[in-house]
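*Asks:* Sharing a structure with you now.
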Amino acid sequence: MTHTMEILFWILLFLVFYTYIGYGMVLYMLLKVKQLFCRKKAQPVLPKNPEAYPEVTLMICAYNEEDIIKEKMENIRLLNYPKDKLCVMWVTDGSNDHSNELLAQYDDITLITSTERKGKAAAMQHGLEVNKAPFVIFTDANTMLNTEAITEIMTLFLHEDVGCVSGEKRVAARHEGQVAAEGEGMYWKYESTLKQWDSDLYSAMGAAGELFAVRMSCYKPAPSNALLDDFMISMLILRNGHKIAYTSKAYAMEFGSASMHEESKRKRRIAAGGLQSVWWLRDMMNPFRSPIVAFQFVSHRVLRWSITPFALLALIPLNIILVVQNAGWIYTLIGILQIIFYVAALSGYVLELTGRKNKLLYIPYYFMFMNLNVFQGMSYFRTHKSSGTWEKARRG
């Protein structure tokens, strides 16, 4: 019995390590091997004549964003892309503030409105019914783009096998010591590195809604009740044989959540949407269909959204039982390390409640916060699986 529990313990420990650290190490080594045996391709460039640039629609799906519209429009006007090749489209999804009135004042945009709130996936589809451009870039109202974002994205579309391009999400804190924002920012720095490595190896595993683009000839609509519409749209393109490219040269900047309570709203929805997406895309886990996609999808997404949080939780009682049964000094050592980690996470939580800061403790605290929200996401999924709408998290 003890021997069986030891085997289970090490399997679960390996899963946790591999999901959050090991996969990145494997990716890094695979890229080094690829560099040794594969010649780096020359990167294509857009034509020198702006008249030859492709037409693009920049679509912003919004719900009650009256406070940010002016700033967003100022940001859009700074984008370095030929104005006659860029259609700016706002799609409001049942907004009941003054968003529609404010947007109606701009004569250089296309405004699509809906009186009923149906969710972002439905709003996207509503806008795409009007769109005529061969490429569409999606971005959120509360994210600001760098001036070269569209140019960098369109450069990657010069690769004919690229059907989707994901930009980088960057998170800023309004003030030092804002745990939700700084924790999210650290997480996204690591996540962005993994996305870049995924893309360099073969394909990124999904795009974030803050900034991503699709080639319309490759586009497939996400289900209207998709909780992660951006992820589903990008992964459907990958499932149909086209790659998702990633670039850090096109980025969307946004402020992090105002508090951990607000951040929990996002994490619950993401966790629920992750479970929903894994089920819908379960055929992509088949290694006989596409071995490298299956490897990347399972390693980067499936484990994190389904199995590993349970493995992390199960390690605690298993470790206690093995220590009590005197299974070996190694289990005592691992048990002590687990205690140190959870005490650090708890300390980070207490410091956040008291308004004090310690960046070193943000990491274990935010790590546990993310995993606990996976379990809350399961409850969220049961009540929201038939609708793509969600409660917005208040930003800092």
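*Asks:* Considering only segment 60-178, give the helices (runs of 4 or more DSSP H) lying wholly within it that have at least 1 residues that are surrounded by 20 or more Cβ atoms within 10 Å (Cβ to Cβ) and in contact with a Pro (Cβ under 8 Å, 6 or more places away or on another chain).
*Replies:* 120-128, 149-156
*Asks:* Right, something else. Quick check on my filter: what residues within segment 9-19 are closer than 15 Å to LEU313 by Cα and open to solvent by less than 80 Å² (accessible area, probe 1.4 Å)?
*Replies:* Of everything in segment 9-19, those that are closer than 15 Å to LEU313 by Cα and open to solvent by less than 80 Å² (accessible area, probe 1.4 Å) turn out to be PHE9, LEU12, LEU13, LEU15, VAL16, THR19.
*Asks:* Out of curiosity, is SER224 in contact (Cβ under 8 Å) with a residue 12 or more places away in the chain, within 14 Å of MET124 (Cβ to Cβ) and in contact with a Phe, Trp or Tyr (Cβ under 8 Å, 6 or more places away or on another chain)?
*Replies:* no
*Asks:* Are there any pairs, at least 6 apart or on different chains, whose C-beta atoms fall under 7 Å, with the first in segment 59-88 and free of Cβ contacts under 8 Å to residues at least 60 places away in the same chain and the second among the charged types (D, E, K, R) and open to solvent by 20 Å² or more (accessible area, probe 1.4 Å), and if so, which?
*Replies:* Filtered contacts from segment 59-88: GLU66/ASP97; LYS85/GLU55; VAL88/ASP108.
*Asks:* So how many residues does segment 12-56 have that are without any contact (Cβ under 8 Å) to a residue 12 or more places away in the chain, in a helix (DSSP H, G or I) and not aromatic (Phe, Trp, Tyr)?
*Replies:* The number of residues fulfilling the criteria is 9.
*Asks:* So is LEU351 part of a helix (DSSP H, G or I), at pLDDT below 90, among the aliphatic types (A, V, I, L, M) and touching a Lys or Arg at 6+ places or on another chain (Cβ under 7 Å) or not? Break it down stepwise before answering.
*Replies:* Numbers: part of a helix (DSSP H, G or I): yes; at pLDDT below 90: yes; among the aliphatic types (A, V, I, L, M): yes; touching a Lys or Arg at 6+ places or on another chain (Cβ under 7 Å): yes.
It is true that LEU351 is part of a helix (DSSP H, G or I), at pLDDT below 90, among the aliphatic types (A, V, I, L, M) and touching a Lys or Arg at 6+ places or on another chain (Cβ under 7 Å).
*Asks:* Now for a different question. Any chance segment 297-314 includes a residue that's among the hydroxyl-bearing types (Ser, Thr, Tyr), buried (at least 20 other Cβ atoms within 10 Å of the Cβ) and either closer than 30 Å to SER234 by Cβ or within 33 Å of the chain's Cα centre (by Cα) (or both)?
*Replies:* yes
The values are calculated or read from the model by the stated rules, or taken from the named source; none is laboratory data. The structure displayed is predicted, hence computed values, not measured ones. In this analysis, Cβ positions are derived from the backbone assuming ideal geometry, glycine residues included, and neighbour counts consider all displayed protein chains. Quick note on the areas: whole protein, heavy atoms, side chains included, nothing else; ligands and nucleic acids left out. Shrake-Rupley method; radii C 1.70, N 1.55, O 1.52, S 1.80 Å.
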